[in-house]
Amino acid sequence: MPVVNRIADYAPQMTQWRQHLHQIPELALDCHETAGFVADRLREFGVDEIHEGIATTGIVAIITGQGDGPTIGLRADMDALPMSEETGLDYASERPGKMHACGHDGHTTMLLGAAKYLAETRNFTGRVALIFQPAEETIGGARIMVEEGIMDRFDIGQVYAMHNVPGVEPGTFFTAPGPVMAAVDTFHVHIKGVGGHGATPHETKDPVMAACGIAQAIQTIVSRNHYALDDLVVSVTQIHAGTVDNVIPETAYLNGTVRTFDPAVQQMVMERMKTIVAGQAASYGVEAELDYEVGYPATVNNADKAAFAVEVAKGVSGDDRVVGDAGRVMGAEDFAYMLQARPGAYVCIGQGDSAGLHSPEYNFNDEIAPVGASFFARLVETAQPIARVAK
Ligand SMILES: [Zn+2]
Ligand SMILES: [Zn+2]
């Protein structure tokens, strides 16, 4: 059961869709043109229901199979990134400062390919809910779609999603049971000191020194407060202060990211950070305000659904081209919210040698689109098979 022949035949069309989407990147919830293109294709395929405007520009489309049964959800993300493309492709972004550098144009295309096949063949029972979401890169379009009730409204029983991965052999798959991607939080520290002349620091309360002290002390959360065998990243990624060499500024600002898998570890980081910021500020005689934003939760695969996805992927790509215990990474993914709402699995598909995700030179590899679309289609046909009458 390799790539579905019928889907392989769609390859030229899928490439056209993908390259068109690549030219018209949109950001966050503002995926109007992309969603319009998706809805037009879904209408052409003859899906049974198209529900638009969920989470502003998200779509849920329903295809009904043969006979009663449960509903399986398949999700693709549609949004791009606020960066300038440097691929030099003839179908590069037409929009300066916006680029499909994470391959969501490819994810959308793969789900469209599966939709076309499933609408034409309907070789399954129950229903499939095709979920096209905006704002994966920013505010969590998946969370908004879940909050707007898609799981109950469409009676979705299980959900799956896929992401391309550069540097991994094209058309291979990998995933794992349990946590696969981290929870991501952001912190901001605003420091207010007393500025003055650079030559008379004793008359100031230097916020630059306080920022350096806080940045250093924050690193002890990982090195001295945390059990070494658990996964945790705390990174200070920005420090801004000052304007010129002979002025000690009034204020400084720090910003960074926290990656965790365990809510208890996340809680510990939050509490330690409060204590450290307050203590360091007191020692430098400045005021410091910590703003800790809790972001996407950890992406946690249901063990049974991950095992099921592995079997389906093996059917598409071959046993030796699928890894079912690939471990976890410190990246984050808003599909986490859908996996909190329903059991399912997040699966990675290799896309071969290319620039990395979020690089200005990245491009989705169109060759893997039929493989990914076949995986989506076979998930549905295998999870909700048409009963064969024994003869
Ligand atoms: Zn991304
Ligand atoms: Zn992405």
Discussion item. Under 7 Å between Cβ atoms, which residue pairs at least 6 apart in sequence (or on different chains) link something in region 1-18 that is of a type in the set (D, E, K, R) with a partner that is surrounded by fewer than 21 Cβ atoms within 10 Å (Cβ to Cβ)?
Written reply: 18/366
Worksheet item: Condition test on residue 6, is it modelled with pLDDT of 95 or more, touching a helix residue (DSSP H, G or I) at 6+ places or on another chain (Cβ under 9 Å) and in a helix (DSSP H, G or I)?
Response: yes
Worksheet item: Does at least one position in region 234-254 carry a residue that is buried (at least 17 other Cβ atoms within 10 Å of the Cβ) and hydroxyl-bearing (Ser, Thr, Tyr)?
Response: yes
Response to the item:
In region 198-222, residues that are free of Cβ contacts under 8 Å to residues at least 40 places away in the same chain and over 14 Å from residue 276 (Cα atoms) total 3
Discussion item. Of the conditions (1) crowded, with 20+ Cβ neighbours inside 10 Å; (2) assigned by TED's automatic domain parsing to the domain that holds residue 173; (3) under 21 Å from the mean Cα position of the chain (by Cα), residue 261 satisfies every one except a single condition; which number is it?
Written reply: (2)
Fill in: Among the candidates 367, 293, residue that is over 26 Å from residue 253 (Cα atoms) and surrounded by fewer than 16 Cβ atoms within 10 Å (Cβ to Cβ)
367
Discussion item. Can you tell me which of (1) at pLDDT 95 or above; (2) within 16 Å of ligand 1 (Cβ to nearest atom) is the one residue 117 doesn't meet?
Written reply: (2)
Worksheet item: Exactly one of (1) away from ligand 1 (no atom under 16 Å from the Cβ); (2) of a type in the set (Val, Ile, Thr); (3) within 23 Å of residue 8 (Cα to Cα) is unmet by residue 108. Its number?
Response: (1)
Fill in: Residue within region 133-144 that is more than 16 Å from ligand 2 (Cβ to nearest atom) and either in the same structural domain as residue 55 (by TED's automatic domain parsing) or within 14 Å of residue 18 (Cβ to Cβ) (or both) present
yes
Discussion item. I'd like to check which strands (runs of 3 or more DSSP E) are fully inside region 96-211 and have at least 3 residues that are more than 22 Å from the chain's Cα centre (by Cα).
Written reply: 183-192
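The values are calculated or read from the model by the stated rules, or taken from the named source; none is laboratory data. Model, not experiment: these values are computed from the prediction. Ideal geometry is used to build each Cβ from the backbone, glycine not excepted, and the neighbour counts take in all protein chains shown.
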